[in-house]
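Before any comments, here is the structure.
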Amino acid sequence: QVQLVESGGGLVQAGGSLRLSCTASVRTFSIYSMGWFRQAPGKERDFVAAISTRGRLTTYADSVKGRFTISRDSANMMYLQMNSLKHEETAVYYCAAGPGGLESRIGAYNYWGQGTQVSVSS
């Protein structure tokens, strides 16, 4: 069983930055691919970024390329550095873990955190 807890959300002005963290309660953290997703009110949950098991490979949604950076350590932490945030990126951000490779599909992830709210004022 993998438990995931997100932190670092909050209120920021458009153009500002936030760094989200995801803490995984699992001994075998390194065997899981990890991802970030977000869900705005009334919308579907969308892929943001993913990172491979040992952090060598990453992939991003086109909308965040060049502004967001996903990373992980060898222990139990994953991060999402978000720069130049836009108002329309206001959403609940979720971290997820899965046994597969570098994935953008929601169904590829077995474990999800409860989410952290990111609000970007215009």
Everything considered on the Cα gyration tensor (a ≥ b ≥ c; rounded for a/c under 1.5, else prolate if a/b is larger than b/c, else oblate), segment 1-49 must be described as prolate
So the carbon and sulfur contribution to the accessible area of segment 76-122, 1.4 Å probe, in percent, is 45 percent
A chain fully extended from THR69 to ASP46 at 0.36 nm per residue, minus the present Cα-Cα distance, gains in nm 6.6 nm
antiparallel share of DSSP beta bridges within the chain, to nearest 5, in %, is 90 percent
Rounded to the nearest 10 Å², the 1.4 Å probe accessible area of ASP62 is 120 Å²
For segment 4-16, Karplus-derived ³J(HN,Hα) couplings (6.51, -1.76, 1.60; θ = phi - 60°; whole Hz; x for glycine and proline) come out as 10, 10, 8, 8, x, x, x, 9, 9, 6, 4, x, x
To the nearest Å², the heavy-atom accessible area per residue of segment 30-122 with 1.4 Å probe amounts to 50 Å²
Applied in sequence order to segment 19-24, the curve 6.51 cos²θ - 1.76 cosθ + 1.60 (Karplus, θ = phi - 60°) yields integer Hz couplings, x standing for Gly and Pro, of 10, 8, 10, 10, 9, 9
Mean Cβ-within-10 Å packing, highest first, puts peptides 16-24, 31-39, 78-86 in the order 31-39, 78-86, 16-24
Applied in sequence order to segment 114-122, the curve 6.51 cos²θ - 1.76 cosθ + 1.60 (Karplus, θ = phi - 60°) yields integer Hz couplings, x standing for Gly and Pro, of 7, x, 9, 7, 10, 10, 10, 7, 8
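The values are calculated or read from the model by the stated rules, or taken from the named source; none is laboratory data. Model, not experiment: these values are computed from the prediction. Glycine also receives a Cβ, built like all others from the backbone with ideal geometry; neighbour counts cover every protein chain displayed. Just the protein is used for accessible areas: all its heavy atoms, side chains included, with ligands, DNA and RNA removed. Shrake-Rupley method; radii C 1.70, N 1.55, O 1.52, S 1.80 Å.
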